[in-house]
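Student: Can you keep this structure in mind? I'll have questions shortly.
Since every read-out is calculated from the coordinates, none of them should be taken as a lab result. These figures come from a predicted structure and were not determined experimentally.
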Amino acid sequence: MSSEDRNRPRAAEPERAPDDDEIAAAAIYLAMTGARDPLPDEVRRRVERQALDIVGPNPK
Amino acid sequence: MTSEKLKTGTESSVERELTLIERVARGDKAAVPLLLDKYGPLVWSVARKQVGADAAEDLVQEVFLQIWKGADRYDPRRASEATYITTIARRRAIDFRRRVGRRPEIEEIPEETPEETSALEGVELADEARVAAEALAELKPEQQKVLRLAIVEGLTHTQIAEVTRMPLGTVKSHTRRGLERVRTLLQERRGAGGAG
């Protein structure tokens with residue numbers, strides 16, 4: 001990775017756990033940003049429907 | 001919080017409450033609305049900030065899709081849920097912008113950035129964010145500004161040099177040192193007691 005991108009998340013790689021730089025950057029993001037806008041109802045409904053198709057009663 | 005608990009360790013059998021993501025990983029559908037209540041606003045805010053309101057809805061769905069599908073890979077010893085979800089949201093935002101060929105706009109940047117400290121007031125912060133806030137407080141204002149432009153606004157080093165009129169090398173070193181300071185503090189705290 002070039003030094004240009006050291007501070008930025010890499011492209012999505014679902015299998016890869018966050019590395020220490022990404023965790024540090026996320027922590028900085030959380031520390032620097034304040035108010036959270038509520039998730040709009042319609043978006044929430046879609047995300048919830050999506051989840052219920054994926055998350056199943058399959059205890060490990 | 002569920003009464004379901006996880007035994008950790010081999011002999012001490014120390015028990016702790018499962019996180020919401022761990023419950024999702026175990027197929028607990030009841031954890032889904034709780035997780036959306038708690039972290040939906042965070043993901044929505046990251047999405048709106050990073051890709052704009054018009055594309056935020058798609059990005060939010062992508063982020064949560066990855067959370068549901070990758071829940072079994074979440075390790076609470078490495079990061080709190082808020083920080084983990086923020087890493088996913090930021091990754092997905094960068095990926096999204098690359099796909100659509102969109103880069104953050106370079107806007108007029110105020111000389112002072114008082115919101116960097118005021119934003120901390122009244123906000124429930126993840127443990128790692130508290131550590132980051134400590135580290136940020138040690139930095140000079142121009143270093144904080146560079147980190148904000150890089151991490152919150154998503155600008156490249158070149159763009160930051162352009163808007164701040166700082167030499168590119170200075171931008172890079174401010175970013176690197178700020179990240180290193182936070183990373184080191186996080187590692188020290190993790191070694192002293194876990195992610196929280």
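Student: Between their Cα atoms, which of B:Lys49/B:Lys69; B:Lys38/B:Lys140; B:Lys38/B:Lys145; B:Lys49/B:Lys145; B:Lys145/B:Lys172 are more than 22 Å away from each other? Write down the numbers at each step before the final one.
Tutor: Numbers: B:Lys49/B:Lys69 24 Å; B:Lys38/B:Lys140 33 Å; B:Lys38/B:Lys145 29 Å; B:Lys49/B:Lys145 17 Å; B:Lys145/B:Lys172 12 Å.
B:Lys49/B:Lys69; B:Lys38/B:Lys140; B:Lys38/B:Lys145, as the Cα separations exceed 22 Å there.
Student: Hey, what does the equivalent ellipsoid look like for segment B:154-196, semi-axes from the Cα gyration tensor as sqrt of 5 times each eigenvalue, largest first, whole Å? Intermediate values should be presented prior to the final figure.
Tutor: On the way: eigenvalues 182, 18, 5 Å².
That gives 30, 10, 5 Å for the three semi-axes.
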